[in-house]
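Scroll down for the structure; my scribbles are underneath it.
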Amino acid sequence: MFDYETLKVIWWLLIGILLIGFALTGGFDLGVGTLLRLVARTDDERRVVVNSVAPTWDGNQVWLILGAGAVFAAFPMVYAGSFSVLYPAMIAVLFSLFFRPVGFEYRSKIGDPRWRGFWDWGLTVGGVLPAVVFGVAFGLMLTGIPYHFDSDLRIVMDGNILDTISAFSVLAGLVSLAMLMMHGAAFLNCKIDDPILRERIRKSQRLAALATIILFVGAGAWIALGVQGMQVADIGNVNGALNPIHKHVTVAGGNWLHNYQTYPLMWIAPLVGIVGAAGAIMLTAMPVTALISSGLSLVGIILTAGFALFPFLLPSSSVPAHSLTIWDGSSSEHTLALMLGAAAIFVPIILVYTTWVYRVLRGPVRIEDIRDEYGSY
Amino acid sequence: MHDMLFIDLSRLQFAFTAFFHFIFVPLTLGLSFLLVIMETVYVITKKEIYKQMTQFWGKLFGINFAMGVATGLTMEFQFGTNWAYYSHYVGDIFGVPLAIEGLMAFFLESTFVGLFFVGWKRLTKYQHLLVTFLVALGSNLSALWILIANGWMQHPVGSAFNPETMRMELTSFSALLFNPVAQSKFVHTVSAGYVTGSVFVLAISAWYLLRDRHVEFAKRSFAVAAGFGLAAILSTIVLGDESGYTVGDVQKAKLAAIEAEWETQTPPAAFTLFGLPDQKKMETKAEIKVPYVLGIIATRSLDEPVIGLKEIIAKNEQRIKNGIPALEALQKIKTGDNSPALMQQLKAHEKDMGYAMLLLRYTKDVGQATPEQIHKAALGSVPGVAPMFFTFRLMVLSGFLLLLLFAAAAYNVWRERIGQNRWLLRAALFALPLPWIAADLGWFVAEYGRQPWTISGVLPTFLSASTLNTDSVAASLTGFIVFYVALTAAEMYLMVRFARKGPDLY
């Protein structure tokens with residue numbers, strides 16, 4: 001139905017959709033984790049916050065798990081490369097994510113304040129650390145990671161990953177943290193109608209959204225002026241099977257803006273990123289509209305980075321020619337076509353039942369409804 | 001050349017994390033279906049007590065489920081972090097069932113599990129039952145796809161090497177899907193999960209009965225667990241994983257190692273009930289043998305031989321030699337020489353290329369490998385016999401003890417004498433660890449038995465790891481031990497606390 005080249009582009013889009021799916025849903029769970037100890041002070045308040053996400057967070061995290069699984073199936077070298085060269089970061093994210101299933105489930109099972117306090121910290125770490133590391137990972141993709149392939153296509157690190165964490169990648173981590181805090185607050189604003197708690201939530205939402213705009217614009221300016229970007233000079237037939245070590249890549253400042261110059265319509269992405277966050281500042285009195293606006297901001301910000309990198313997936317700073325792109329990092333045509341069929345069947349089904357679950361659980365979370373209720377967290 | 005310490009630590013880390021993950025998974029598989037049964041009875045009979053049962057066992061299910069989710073995430077990460085070359089080499093095939101697992105199964109169970117807990121008042125009875133069923137369906141489908149992935153590691157079908165991309169690629173999805181090894185693994189593993197769930201409910205119910213607490217509640221739970229458990233243990237034993245051990249050379253080696261079968265016997269082979277296997281001398285001391293049994297169990301026939309290890313090693317030595325030209329051709333192809341003669345040489349010897357890779361542990365230049373090196377590689381091409389021999393027997397012993405328990409419990413239920421035989425209640429309580437012992441030993445037999453391969457006959461374990469320094473994996477392994485032990489302690493604490501507390505009514 002589609003040729004190999006088109007399939008590669010479709011899978012780039014699909015991975016983008018899965019990541020965006022995670023940012024939109026799992027993103028507010030992470031954001032709620034970061035905000036838990038900031039906006040909710042008493043145990044009752046914390047239970048309200050926890051219960052606003054606990055019944056659905058698990059499904060939301062599957063967007064991330066599926067995203068990683070889809071990268072494994074569609075771009076196996078990118079999966080192998082990113083997970084192994086970012087080893088310490090991946091392990092740190094994994095450890096912090098442990099706190100989430102266990103924290104949500106176990107926190108309210110015992111009344112002891114020390115027990116609950118421990119899991120509150122766990123949920124906070126489980127929110128902050130992944131939010132920052134995912135952003136740092138995007139930052140590292142833009143500045144490049146020091147690795148190359150040997151002739152067996154075995155990935156070899158050129159140096160220590162911790163040494164390559166630059167100021168820019170830290171900035172990217174902060175963009176991610178700010179935007180997920182904004183999104184988490186926007187979600188809580190929809191689910192909680194306790195007036196005192198809601199005032200604090202709205203304040204955090206405005207502050208986080210403002211920080212998102214400032215940090216995002218700062219990172220954008222840095223990319224335009226300071227970061228060395230890449231461009232594929234010569235790669236061979238992108239409609240065929242390609243080996244990632246046989247191509248030429250040029251490296252120059254401003255290269256990450258090349259796609260924007262070719263397709264000026266792409267400027268819509270950063271614009272939506274900024275306008276959406278501005279909406280999250282101004283529309284706190286209209287919670288659902290503000291949540292949509294914050295969601296649009298996330299989509300805009302992620303696409304901004306994706307458009308800048310395209311077709312690169314994992315740029316190498318030490319041997320740029322070995323950088324993985326969608327053209328030479330993908331699975332076989334057969335696997336891409338097969339997985340596209342599977343995604344076409346199941347993603348719509350997932351969207352239908354997820355929507356149904358959210359509909360069942362709609363409405364505000366109140367302490368009197370959860371205090372002694374079976375199954376509340 | 002290859003950092004063996006990094007590889008060994010990565011293996012240890014994978015084994016440790018898989019072992020822990022497999023503490024929680026079987027209970028999820030079994031308990032989720034027991035919840036479906038209890039809730040179905042509630043919906044049909046409208047008896048409140050069955051709702052109480054669903055909710056109480058559901059609470060314990062939730063405590064266990066959270067750990068399954070936490071430890072499961074590790075498994076997905078680790079293929080990339082520690083086994084990057086594996087992921088590159090077979091991701092085109094292996095990634096497919098993993099991604100479909102997410103699409104079809106994990107999304108389903110994870111999305112609905114929250115609604116199981118908070119949905120009682122928001123849903124009709126039928127809707128809630130559907131939710132519970134979808135959680136059970138999701139977790140079982142998840143097992144299906146994971147075992148299709150695992151079955152392919154044991155018996156790699158439907159794939160071929162592509163010299164252009166230097167990796168294995170999928171040639172037939174239906175072969176992957178209907179892999180006989182995957183099929184028998186799935187049935188055996190989910191059945192073992194149902195056994196685990198049943199023992200869990202049976203043991204805790206027996207404890208209440210011994211203490212004369214929640215008697216009505218415990219009796220009904222006991223009855224459900226006894227019936228489901230008997231069916232499950234029969235299915236686990238009769239549809240044992242062994243039926244998948246007759247296809248493919250590596251599976252045959254696994255079977256021979258389990259039986260410490262050094263020589264090929266005239267069929268039907270005798271079963272070694274006990275013995276002390278000696279790998280160096282290739283013999284088993286102090287054997288107790290039962291005639292005919294092995295041949296019948298393993299081959300389901302009277303005239304098919306069970307191949308002995310000596311014969312397998314000799315055959316593997318030939319395969320190593322036959323694979324050398326393929327690796328030599330590949331060396332030249334890598335440098336850009338695509339002449340048809342080289343491609344032909346690669347194709348002709350491709351099916352044994354993985355065997356020649358075993359030599360890379362002893363020499364860089366396989367073309368110059370000495371007969372001693374080839375012989376050493378052949379000796380290393382089968383798993384360690386003693387660990388396989390003993391773990392398998394312990395697993396089978398646990399299985400048969402559980403069969404006795406469930407037979408007695410089911411008879412007890414049938415005679416309407418639940419709770420009257422204190423010895424049975426005590427036996428049920430003390431049997432609690434058995435399904436976990438059996439399940440983790442079974443996992444060991446299947447995965448250690450696959451050594452020295454990650455992908456049987458295709459990719460040796462020592463070539464599969466990432467190229468990273470040893471410090472990073474030492475640090476992560478320490479972290480896993482600390483986290484898993486601490487989190488499991490919290491889980492056990494809650495489990496015991498809530499089991500002791502018992503259901504609120506009855």
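Read-outs: derived from the displayed coordinates by stated rules, not from any lab. As the structure is a computational prediction, the values presented were derived from the model and not from experiment. Quick reminder, even Gly has a Cβ in these numbers, built from the backbone with ideal geometry, and neighbours come from all protein chains shown.
Take the alpha carbon atoms of the range B:435-502, find their center, do the same for the range B:192-230, and report the distance between the two centers in whole angstrom.
29 Å
What FRET efficiency would be calculated for the residue pair A:Phe2, A:Ala233, taking the C-beta separation as r and a Förster radius of 30 Å, to the nearest 0.05?
0.70
I'd like the GluC sites (Glu not before Pro) in the range B:236-333 restricted to DSSP loop residues with at most 16 other Cβ atoms within 10 Å, sorted by number.
Here the GluC sites (Glu not before Pro) that fit, given the DSSP loop and packing criteria, are B:Glu263.
Out of every Cα pair in the range B:303-364, what percent are spaced more than 14 Å from each other?
So the pairs more than 14 Å apart make up 61 percent of the total in the range B:303-364.
Set the Förster distance to 30 Å, then compute FRET efficiency between A:Ala344 and A:Asp152 from the Cβ-Cβ distance, nearest 0.05.
0.30
Can you find, among A:Ile235, B:Tyr292, A:Met179, the residue sitting farthest towards the positive end of the charge dipole of the protein assembly as shown, where Lys and Arg contribute +1 and Asp and Glu -1 at Cβ?
Positive-most Cα among the choices belongs to A:Met179.
Just need log10 I(q)/I(0) for the range A:191-250 at q = 0.20 Å⁻¹, Debye formula, equal scatterers on the alpha-carbon atoms, no solvent, rounded to two decimals.
-0.84
Would you work out the Kirkwood radius for the range A:97-240? I mean one over the mean of 1/r across all pairs of different Cα atoms, in Å.
Computed over the range A:97-240, the radius equals 18.5 Å.
What is the magnitude of the charge dipole of the range A:227-377 about its Cα centre, with +1 placed on the Cβ of each Lys and Arg, -1 on the Cβ of each Asp and Glu, and no other charges, expressed in debye to the nearest 20?
That gives the range A:227-377 a dipole magnitude of about 180 debye.
Starting at 0 and stepping by 10 Å, how many percent of the alpha carbon pairs of the range A:112-189 end up in each bin?
17, 32, 26, 17, 7, 1
Could you give the dipole magnitude of the range A:1-145 about its Cα centre, charging the beta-carbon of Lys and Arg +1 and that of Asp and Glu -1, in debye to the nearest 20?
380 debye
How far is helix B:48-81 tilted, in degrees, relative to the longest principal axis of the Cα atoms in chain B, given as a value from 0 to 90 rounded to the nearest 10?
Value to nearest ten degrees: 20.
When the Kirkwood radius is taken over all Cα pairs of the range A:279-377, what Stokes-Einstein diffusion coefficient follows at 25 °C and 0.890 mPa s, in µm²/s?
Result for D is 133 µm²/s.
Whole-Hz ³J(HN,Hα) for each residue in the range B:131-142, computed from phi via Karplus 6.51 cos²θ - 1.76 cosθ + 1.60 with θ = phi - 60°, x for glycine and proline: what do you get?
4, 4, 4, 5, 5, 5, 4, x, 5, 6, 5, 4
Anyone know which of A:His322, A:His246, A:His258 comes out most mobile in the 10 Å Cα GNM of chain A?
Among A:His322, A:His246, A:His258, the largest mean-square fluctuation in the Gaussian network model of chain A belongs to A:His246.
For the residue pair A:Val251 and B:Lys351, what label-to-label distance in nm results when each label sits 7 Å from Cα along the Cα-to-beta-carbon direction?
According to this spin-label approximation, the distance is 4.7 nm.
Using +1 at the C-beta of Lys and Arg and -1 at the C-beta of Asp and Glu, which of A:Leu123, B:Leu141, A:Ser84 has the Cα lying farthest in the positive direction of the dipole of the protein assembly as shown?
A:Leu123
Cut-off under 19 Å on the C-alpha distance; same-chain residues fewer than 8 positions from B:Lys281 excluded. Which aspartates and glutamates are left, in chain and number order?
By straight Cα distance, B:Lys281 reaches B:Glu259, B:Glu261, B:Glu263, B:Glu311, B:Glu317, B:Glu372.
What lysines sit close enough to B:Lys321 to cross-link, taking a C-alpha to C-alpha distance under 23 Å and skipping anything fewer than 8 places away on the same chain?
Of all the lysines, those that pass the test against B:Lys321 - Cα under 23 Å, at least 8 places apart if same chain - are B:Lys252, B:Lys254, B:Lys280, B:Lys310, B:Lys332, B:Lys334, B:Lys347, B:Lys351, B:Lys364, B:Lys376.
More than 15 angstrom separation, counting every C-alpha pair in the range A:292-340; what % is that?
Roughly 62 percent, once rounded to a whole number.
In which sequence would B:His155, B:His88, B:His375, A:His183 go, from the one with the fewest C-beta neighbours within 10 Å to the one with the most?
Listing B:His155, B:His88, B:His375, A:His183 from fewest to most nearby Cβ atoms yields B:His375, B:His155, B:His88, A:His183.
Hey, got the Cα dimensions of the range B:399-486 along the principal axes, in Å, largest first?
62, 36, 14
Which three extents, in whole angstrom, do the alpha-carbon atoms of the range B:246-324 cover along their principal axes, largest first?
Taking max minus min along each principal axis of the Cα atoms, the range B:246-324 gives 41, 29, 17 Å.
May I ask for the net charge around A:Arg362, where only other residues with Cβ less than 11 Å from the Cβ of A:Arg362 are counted and Lys, Arg are +1 while Asp, Glu are -1?
Net charge around A:Arg362: +3.
What do you get for Rg/Rh over chain A if you use C-alpha atoms and the Kirkwood form of Rh?
Ratio of gyration radius to Kirkwood radius for chain A: 0.99.
Return an integer: the convex hull volume of the alpha-carbon atoms of the protein assembly as shown, in Å³ per residue.
Value for the protein assembly as shown: 160 Å³ per residue.
Could you name the lysines whose alpha carbon sits less than 24 Å from that of B:Lys121, not counting residues in the same chain fewer than 8 places away?
Candidates past the 8-residue exclusion: A:Lys109, A:Lys191, B:Lys46, B:Lys47, B:Lys51, B:Lys59, B:Lys501.
May I ask for the distance between the Cα centers of the range B:120-145 and the range A:21-76, given as a whole number of Å?
21 Å
Hey, can you grab everything whose amide H is under 5 Å from the amide H of B:Arg167? Only 5+ residues off in sequence or another chain; H modelled, so Pro and N-termini drop out.
Result for B:Arg167 returns B:Asn162.
Would you mind finding the longest exposed-site-free stretch of chain A, with exposed trypsin sites (Lys or Arg not before Pro) meaning DSSP loop and at most 12 other Cβ atoms within 10 Å?
Here the longest segment lacking exposed loop sites spans A:42-361.
Show that you can apply the helix-only estimate: for the protein assembly as shown, add -39,500 (n - 2.57) for every DSSP H stretch of four or more residues, divide by all residues, and state [θ] at 222 nm to the nearest 500.
-23500 deg cm²/dmol
List every DSSP H helix in chain A whose Cα atoms extend 24 Å or more along the helix's own long axis and whose mean Kyte-Doolittle hydropathy is at least 0.0.
The answer, listed by residue number, is A:4-39, A:57-74, A:87-106, A:113-143, A:167-191, A:195-225, A:287-309, A:333-360.
For a quick check, take a GNM of chain A with Cα springs below 10 Å and name the residue from A:Ser151, A:Ser108, A:Ser52 with the largest mean-square fluctuation.
Largest GNM mean-square fluctuation: A:Ser151.
For the range A:206-350, what is the Kirkwood hydrodynamic radius in Å, using each pair of distinct C-alpha atoms?
About 17.5 Å for the range A:206-350.
May I ask you to derive the FRET efficiency for B:Asp8 and A:Asp193 from their Cβ-Cβ distance with R0 = 60 Å, giving the value to the nearest 0.05?
The calculated FRET efficiency here is 0.60.
The range B:231-316: which trypsin sites (Lys or Arg not before Pro) are DSSP loop and have at most 10 other beta-carbon atoms within 10 angstrom?
B:Lys280, B:Lys281
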